[in-house]
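Have a look at the structure below before the remarks.
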Amino acid sequence: MKISYGFITGAAFCLAIAGPVMAQSTAHGAALFSAECSACHSATPGENGVGPSLAGIYGMRAAMVPGYKYSLALRQSHIVWTTDALESFLANPAVDVAGTAMPHPGTEMHMAMPSAIDRGDIIAYLRTLRQ
C-alpha cells in the first residue's frame, strides 16, 4: 500500500488547526465562574454558600462536599463529576438530575451556560481547583 506524502501532510495540518479550536481556556473559565457561578458557589475549600464549594469537586462523587445540604435528587444520582458528567449537568441541570436545586433554564437565577465552549472552559477551571 502506497501512502502519499501529500495525504500525510494534509492530515497533520488538519490536526494542527483542530487542536487550538478544541483547547479549553482556564482563564476564560475562571472569568465565567466569577461572573456566572460565584454568586452561589465558592472556589475556596470549605466555603459553602447558597451552593456548595466547588473546590476539588472534579473527580468527586456528587453531593459529597462536607457541610452542604444537597437535594435528595443529587444525593441519589451517583454521579461522579467527570468532564462528561459536568458537561451534561451544566447544559441543563434539571434535565440531567430531575429535582436538583441547581437553577436551570426558565428560572430567575439560571446560570448562563448555553455555549459548549463556555462549559468546557468552566470545566477546565474546575479541574484546577483543589480541595
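Values quoted throughout were computed directly from the atomic coordinates according to the rules given, and no laboratory measurement underlies them. All values derive from a computational prediction rather than experimental measurement. We place every Cβ from the backbone using ideal geometry, glycine too, and count neighbours over all the protein chains shown.
Points worth noting:
- Sequence-distant contacts, meaning Cα pairs under 8 Å at least 6 residues apart, place the relative contact order of the stretch 25-128 at 32 percent.
- Cα-based convex hull, the stretch 25-128, per residue volume (Å³, whole number): 89 Å³
- Inter-site label distance for S88 and A27 at 7 Å from Cα along Cβ, in nm: 3.3 nm
- In this structure, the amide hydrogen of V80, modeled 1.01 Å from its nitrogen in the peptide plane, lies closer than 5 angstrom to those of A62, counting only residues at least 5 positions away or on a different chain.
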